[in-house]
Every structure is written in C-alpha cells, then in structure tokens.
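Note sheet for the following structure.
The values are calculated or read from the model by the stated rules, or taken from the named source; none is laboratory data. All figures in this text were calculated on a predicted structure; none of them were measured in a lab. Positions of Cβ are backbone-derived with ideal geometry, glycine not excepted, and every protein chain shown enters the neighbour counts.
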Amino acid sequence: MEGSTQTTGKPIRCKAAICREPGQPLVIEEIFVAPPMPREVRIRIICSSLCQSDVTFWKMKEFPGICPRILGHEAVGVVESVGEDVNEVVEGDRVIPTFLSDCGECFDCKSKKSNLCSNFPFKVSPWMPRYESTRFTDLKGDPLYHFLFVSSFSEYTVVDISNLTKISSEIPPNRSCLLSCGVSTAEVEAGSTVVIFGLGSIGLAVAEGARLCGAARIIGVDVNPDKFELGKKFGVTDFVNGANCGDKSLSQVIMKMTDGGADYCFECVGLASLVQEAYASCRKGWGKTVVLGVDKPGSEVRLPSFDILHTGKCLLGALFGGLKPKSDIPILLKRYTDKELHLDEFVTHEVKFEDINKAFDLLIEGSCLRCVIWMDK
C-alpha cells in the first residue's frame with residue numbers, strides 16, 4: 001500500500017541501478033531513499049524507458065557527467081508519500097516525472113510563449129532542483145547523485161512537485177512513460193514540407209506530430225536505410241540516406257527535392273554539423289530549423305552571418321519539444337486513448353529491471369526505439 005505508516009516520513013531501503021564508472025555496466029545495489037522535503041514527492045517507479053540521453057551521460061567522463069549516479073528520466077510511477085506544502089497530488093496518484101520543470105508560478109511558466117521555467121531552470125545537475133542536495137545514499141552512507149531531476153532507475157525516487165504531472169491510471173504505464181521525455185510531438189502547419197534529420201525515437205515522434213498536423217510531405221534523413229520502412233508507420237513519405245549523397249551535400253539534395261528548401265527542418269541527432277545542414281536545407285524567407293538533439297557540452301554551431309541576414313531563416317532549440325508538461329502531457333495522453341497518437345509502435349523491447357544493461361546494449365546497437373524497463377515484472 002502506497003504511503004503506509006511503515007514508510008511515510010522514513011527512509012526507504014530499495015534497489016537501484018547505479019552508474020559507478022562511466023561506460024561500465026550499471027550495478028544493482030540496495031540503497032536508501034530519504035523522505036521528501038517540502039514541495040517534494042517520493043514515488044514508486046512502475047517502469048522506465050531508456051533514452052539516448054541516458055546513454056550519453058552514462059558514457060560521459062567529465063562534468064556534467066558524474067559518478068556514482070542513478071540515471072533514468074523517462075518513467076511513470078505512483079505517489080508513495082508527499083512532503084510538506086504539496087497539494088497537487090496525494091498518496092496513490094499515478095504520475096509522470098519530467099526533466100523539465102513546470103512550476104506554474106514564474107513569468108515564463110504563466111506565459112504561452114515559453115516552457116522554460118525560471119524558478120527551476122533546466123540543467124544537468126547532480127542534485128534536487130529546490131534544495132541542491134541528494135535524497136539517495138548507498139548502504140555505506142555515501143551520497144548517490146541525481147540525474148535530470150528524476151533518477152528513475154530506482155524502485156523509489158524523490159521528485160520535486162514542479163517536475164511531476166498527474167495522469168490517469170487507466171493508461172498503460174509502458175505507454176505513458178514515453179511522454180516523460182521521448183515522445184514530444186512537433187507542431188507544424190497543415191500542408192507543410194518537413195525534413196527530419198535522424199529517425200530515432202525523437203525523429204519519429206516529430207514525424208508523428210507532423211502527420212497529426214497534416215504535413216503534406218515528411219522527409220526522413222538517416223544513414224540506416226531500414227529506418228525508412230519504420231518511418232512510414234509514423235508518416236514519413238520520403239527518405240534520404242545521408243551516407244549516399246555522392247558528391248553533393250545533404251542540404252543540396254534536400255534543396256533539390258523540395259524545390260528550394262523545406263518549411264521545417266528538425267535536427268534530432270545532436271550533431272553541430274547536422275544543425276548546419278538542417279539550416280541550409282530550410283527555405284529562405286520563412287524556413288525554420290528546430291534543434292532537438294542533445295550534443296556534447298561545448299559543441300558549437302557555425303553559420304555565415306551573411307546568410308543569417310539575407311535568407312530570413314529561423315533557428316531555435318526546443319527542450320521537451322516546446323511542450324509544457326503539466327498541461328500538454330494530459331492532452332497527448334487523450335490523443336493516444338482516442339487512437340489519434342501512435343505510441344505502441346515506439347516500444348520495440350521490454351525487459352526486467354535486473355536486465356537493465358541489456359536495454360543499454362539494444363539501444364547502442366540500434367536494435368530498438370524504446371526499451372521499457374519494468375521494476376517488478
């Protein structure tokens with residue numbers, strides 16, 4: 001029973017998969033999870049899905065990479081207990097944690113123009129956002145670091161209320177967890193031409209969003225030709241193999257295909273060079289390039305200032321696809337239950353918690369889109 005008097009206000013001893021060394025298999029150990037502080041919530045994780053960002057920071061040897069850390073940021077769980085001054089959720093509620101805060105109080109959260117909270121800005125921090133401290137310790141009493149304010153590779157975790165969205169318990173957890181990060185759809189005008197660089201789960205989510213919006217043409221770019229057949233399920237109409245462009249650049253190929261450039265280009269890999277190709281591939285006057293991929297810290301995008309002035313194009317980033325978690329996640333879940341939004345096709349593998357390292361292998365090999373990790377199956 002969630003929030004029983006046996007655990008409320010007390011540390012919980014449970015299992016977690018810990019990254020002790022960069023790039024080394026996660027180690028499942030018993031840990032202590034402290035009670036939530038004011039405006040925090042302790043949740044029992046039902047399942048998580050593995051994201052490429054988990055793999056990126058698992059490999060990272062320099063800060064913001066840090067060890068020992070509990071990774072994982074795409075999940076769904078049940079509220080076990082709440083800290084003081086938490087009124088939005090109660091024990092037993094089904095919730096989705098998100099890496100992006102949505103406090104509902106700051107100027108940006110109240111604005112329709114932004115999803116970037118000012119009170120709790122996004123950062124790859126080893127701490128909780130409100131108190132700059134950890135809720136995890138190992139059995140020796142040593143601290144374990146957080147990841148993206150979620151750390152879902154643990155049977156229990158503590159999340160700030162600004163990073164939690166309450167959802168219906170009727171939606172399968174191995175589908176709802178995808179909206180914690182991996183599936184945030186794009187908004188484009190009907191009739192648009194859209195180019196997507198990288199047909200992983202992020203790119204396919206963009207394709208799905210473009211399909212729902214009525215895009216006339218959705219061009220997928222990838223170096224794996226098998227991605228085209230998969231992409232068709234999400235609305236991809238054309239495919240460009242980035243490895244087979246001959247003596248032409250990707251942007252030259254796309255400019256010819258689109259008769260002058262795409263209305264929208266989405267970079268979903270996380271490569272500065274690909275951002276430049278995407279920018280060069282969008283149409284002069286109104287073309288928009290949206291960066292969704294996570295590049296390594298310190299990477300720089302270089303664009304000719306002459307082109308910026310004379311082409312009238314737009315380049316922007318979009319954390320969490322530009323969505324506001326607390327208001328937009330319920331909308332996406334309703335679109336799923338109404339059979340408008342495709343989520344089932346994203347889950348290609350499911351494993352038990354003790355097999356979490358197999359999930360890493362599958363994603364690194366390119367064998368899966370999303371692998372769901374069940375905590376108690």
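Is it the case, given these coordinates, that Ala17 is under 19 Å from Leu363 (Cα atoms), at pLDDT 95 or above and either among the aliphatic types (A, V, I, L, M) or surrounded by fewer than 13 Cβ atoms within 10 Å (Cβ to Cβ) (or both)?
Judged against the criteria, Ala17 is a match.
Ile331 passes all but one of (1) of a type in the set (Val, Ile, Thr); (2) part of a helix (DSSP H, G or I); (3) touching a helix residue (DSSP H, G or I) at 6+ places or on another chain (Cβ under 8 Å); which number fails?
(3)
Given the structure, is Val82 more than 20 Å from the chain's Cα centre (by Cα), farther than 30 Å from Gln24 by Cα, among the hydrophobic types (A, V, I, L, M, F, W, C) and not assigned by the TED database to the domain that holds Phe353?
yes
From the list Thr165, Thr258, which one is over 30 Å from Lys326 (Cβ atoms) and either of a type in the set (S, T, N, Q) or touching a strand residue (DSSP E or B) at 6+ places or on another chain (Cβ under 8 Å) (or both)? So that I can check it myself, show each step before the final result.
Details: Thr165 fails: over 30 Å from Lys326 (Cβ atoms).
Residue meeting the stated conditions: Thr258.
Could you say which residue among Val158, Val86 is in contact with a helix residue (DSSP H, G or I) (Cβ under 7 Å, 6 or more places away or on another chain) and either closer than 27 Å to Arg13 by Cα or among the small types (Gly, Ala, Ser) (or both)?
Every option except Val86 fails the conditions.
When you go through (1) among the aliphatic types (A, V, I, L, M); (2) touching a Gly at 6+ places or on another chain (Cβ under 9 Å); (3) within 21 Å of Cys213 (Cβ to Cβ) one by one for Leu323, which number turns out not to apply?
Among (1) among the aliphatic types (A, V, I, L, M); (2) touching a Gly at 6+ places or on another chain (Cβ under 9 Å); (3) within 21 Å of Cys213 (Cβ to Cβ), the lone unmet condition for Leu323 is (2).
When you scan the range 182-192, do you find a residue that is in contact with a Cys (Cβ under 6 Å, 6 or more places away or on another chain), assigned to a strand (DSSP E or B) and surrounded by 22 or more Cβ atoms within 10 Å (Cβ to Cβ), even just one?
No; the residues of the range 182-192 include none that is in contact with a Cys (Cβ under 6 Å, 6 or more places away or on another chain), assigned to a strand (DSSP E or B) and surrounded by 22 or more Cβ atoms within 10 Å (Cβ to Cβ).
So in the range 91-113, with the set limited to residues that are without any contact (Cβ under 8 Å) to a residue 40 or more places away in the chain and basic (Lys, Arg), which one is surrounded by the most Cβ atoms within 10 Å (Cβ to Cβ)? Give the steps one after another, and end with the answer.
Pass one, the range 91-113, residues without any contact (Cβ under 8 Å) to a residue 40 or more places away in the chain: 105-108, 110-113.
After this cut, where a residue has to be basic (Lys, Arg) as well, the list is 110, 112-113.
Values: Lys110: 10, Lys112: 7, Lys113: 7.
It comes out as Lys110.
Of the residues Leu199, Leu178, Leu116, Leu144, which single one is in a strand (DSSP E or B) and either of a type outside the set (S, T, N, Q) or in contact with a helix residue (DSSP H, G or I) (Cβ under 8 Å, 6 or more places away or on another chain) (or both)?
Of Leu199, Leu178, Leu116, Leu144, the one residue that is in a strand (DSSP E or B) and either of a type outside the set (S, T, N, Q) or in contact with a helix residue (DSSP H, G or I) (Cβ under 8 Å, 6 or more places away or on another chain) (or both) is Leu144.
Restricting attention to the range 270-310, report how many residues are in contact with a helix residue (DSSP H, G or I) (Cβ under 9 Å, 6 or more places away or on another chain), in a loop (DSSP other than H, G, I, E, B) and either surrounded by 24 or more Cβ atoms within 10 Å (Cβ to Cβ) or at positive phi (or both).
Residues that pass the stated criteria total 4.
How many residues, within the range 312-322, are more than 19 Å from Gly270 (Cβ to Cβ) and either crowded, with 18+ Cβ neighbours inside 10 Å or in contact (Cβ under 8 Å) with a residue 40 or more places away in the chain (or both)?
1
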